[in-house]
1. Among the residues of region 283-304, which ones are over 16 Å from E340 (Cβ atoms) and touching a residue at least 60 places away in the same chain (Cβ under 8 Å)?
2. So which pairs qualify, if the first residue must be in region 106-119 and at negative phi and in a helix (DSSP H, G or I), the second must be open to solvent by 50 Å² or more (accessible area, probe 1.4 Å) and not small (G, A, S), the Cβ gap must be under 7 Å, and the two must be at least 6 apart or on different chains?
3. Which one of the conditions (1) open to solvent by 20 Å² or more (accessible area, probe 1.4 Å); (2) in a loop (DSSP other than H, G, I, E, B); (3) in contact with a helix residue (DSSP H, G or I) (Cβ under 7 Å, 6 or more places away or on another chain) does R296 fail to meet, given that it meets all the rest?
4. Starting from residues that are part of a loop (DSSP other than H, G, I, E, B) and of a type in the set (A, V, I, L, M), keep the ones in region 1-33 and report whichever is nearest to F290 (Cα to Cα).
5. Can you find, within region 436-474, the residue that is farthest from G506 (Cα to Cα) among those that are in a helix (DSSP H, G or I) and among the polar types (S, T, N, Q)?
6. Only one of (1) in a loop (DSSP other than H, G, I, E, B); (2) small (G, A, S); (3) open to solvent by less than 20 Å² (accessible area, probe 1.4 Å) is not met by G134, so which one is it?
7. Between a residue in region 384-401 that is closer than 14 Å to F470 by Cα and modelled with pLDDT of 85 or more and any residue that is among the aromatic types (F, W, Y) and open to solvent by less than 70 Å² (accessible area, probe 1.4 Å), which pairs come within a Cβ distance under 6 Å, given they are 6 or more apart or on different chains?
8. Test L124 against the criterion of being surrounded by 18 or more Cβ atoms within 10 Å (Cβ to Cβ), under 26 Å from L246 (Cα atoms) and either without any contact (Cβ under 8 Å) to a residue 12 or more places away in the chain or touching a helix residue (DSSP H, G or I) at 6+ places or on another chain (Cβ under 8 Å) (or both), and give yes or no.
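The values are calculated or read from the model by the stated rules, or taken from the named source; none is laboratory data. All values reported here derive from a predicted model rather than from experimental measurement. Cβ sites come from the backbone with ideal geometry, for glycine too, and all protein chains shown count toward neighbours. The area values use the complete protein model at the heavy-atom level, side chains included, leaving out ligands, DNA and RNA. Shrake-Rupley method; radii C 1.70, N 1.55, O 1.52, S 1.80 Å.
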Amino acid sequence: MEKLIQLYQETWGAAPSNIEKIAQSGSNRQYFRLSGPEVPGGSVIGVVGQSVDENRAFIYLTKHFTLRRLPVPKILAVSEDEMRYIQTDLGKTSLYDALSKGRNAGGRYTLSERRLLERTIEALPELQYRGARGLDFTKCYPAAEFDRTSVLFDLYYFKYCFLKAIPQFDFHELKLEAAFQLMADDLTSEHSESFLYRDFQARNVILSDEDQKPCFIDYQGGRRGPVEYDVASFLWQASARYSPQLREELIDRYIASARHYFDIAEKTFRRRLPLFVLFRLLQVLGAYGFRGYYERKEHFLKSIPPAIANVRDMLSRGACPYPYLNEILSRLTEMPQFQEKEEKVFKRDDGYRIDTSNIYQSHKEDGPPTWSKYDNRGKLVVRVFSFSFHKGIPEDTSGNGGGYVFDCRGTHNPGRYEPYKNLTGLDEPVIRFLEDDGEIITFLESVYRLADTHVSRYLQRGFTDIMFSFGCTGGQHRSVYAAQHLAEHLNRKFGVEVRINHRERGIYTVLPARK
């Protein structure tokens, strides 16, 4: 640590004003956030490595990717012994952190969370293909290429650090070795010229503070290799619990993005992907076994059942063409200690509420707001209501008359189920229920098209007011969700001021006009 501070002083002429140790995950490298007025952005990341060769690989790759204008940190300083270096601070929020609510809700991801996943998987081909151009793969560590040796290394890792760590789990060494050899042949049968990230996962994606753009870190183990590996690594991360439908959508997004950089053979990609998924799962189990059984790190042990669940799913899809390995993995998936425990998903807490601290808000007891502090004369103001049909359609007080009224009662009602009765369409469990069901999404797609056309025309003609109202049975779940999402959509797309009135909930909010 002292030498890292010394490197900081040598670079900027002063000691850091604050030092924050960043929690480690699977790596033995140590990370520190070093703050001071003299550094770009107010803080940088100091790294203390364990291997000179690994550090050199990361530093070389980072400098190469920076020249390619890829979203990675910049190297700012390197110590003479190359055991320490300082890089730019990309931000404090990882994609893993940003997806925590969806992950904790059993894999029910909201639309905003899905957009983050889409942006990340669409950014991957740029690193894989553009990053490979002009790259000297001989400087990669510990290997220049994904070959049979590296495949077998990971398979032996699985055998020795996972299988052999399970008490009284017997297997035939020679039969398993034969399966490993066949698997190594199949995985390396096609030549690749792309960059293989190798540890492409949500923890290694940082969302920039400005626009939540995905940026990449911890690719020091990268090498030349097949693109299927990274897709498998990202979409079958053990704890993520992505649904099959979401995985398919993200695979489609990846393929569409990859076509901008390379003439990707989609049929070949899809045919080979399941085997890479299975291989990646075995490699991950080896890592979990080593970190959990041998290093006694509890959170890695907790990750084993979700990983086994992924193996179970892949076996059901016929992803393992090697009979004896298939038998071994089937036995693993049936072991009691690897069964996932059921968790209660719908726990009510403040984390489930939409954060409206940055917008004006009034409640029922205060009466409707006067809006005077949001005087917007000469500019379009959109008013959006949610309401209960039992209490009548909201009155248009603008003096213009008219507006749209949409009936949400044709969509699945979460209010029929006990866990949601005391929640609203602003609460995370209700949002996940509606979006997972999908009917409200289809409904809103048509609404968006109609609203977009109308708002665009009103802006062209200089009109100052338009009103949209969403009704359902109680004005609590579906109408609240639909009104909130249309309001955010119009504010985001057109930059107009949107005034939201969840009438039966007594919640009034303003999304200010964007400059």
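1. Q283, G286, A287, G289, F290, R291, Y293, Y294
2. Filtered contacts from region 106-119: L116/Q212; E118/R253.
3. In the conditions (1) open to solvent by 20 Å² or more (accessible area, probe 1.4 Å); (2) in a loop (DSSP other than H, G, I, E, B); (3) in contact with a helix residue (DSSP H, G or I) (Cβ under 7 Å, 6 or more places away or on another chain), R296 misses (3) alone.
4. A23
5. So the residue we want is Q460.
6. (3)
7. V384/F468; S386/F470; P394/F385; P394/F387
8. Yes; evaluated as a whole, the condition is true for this residue.
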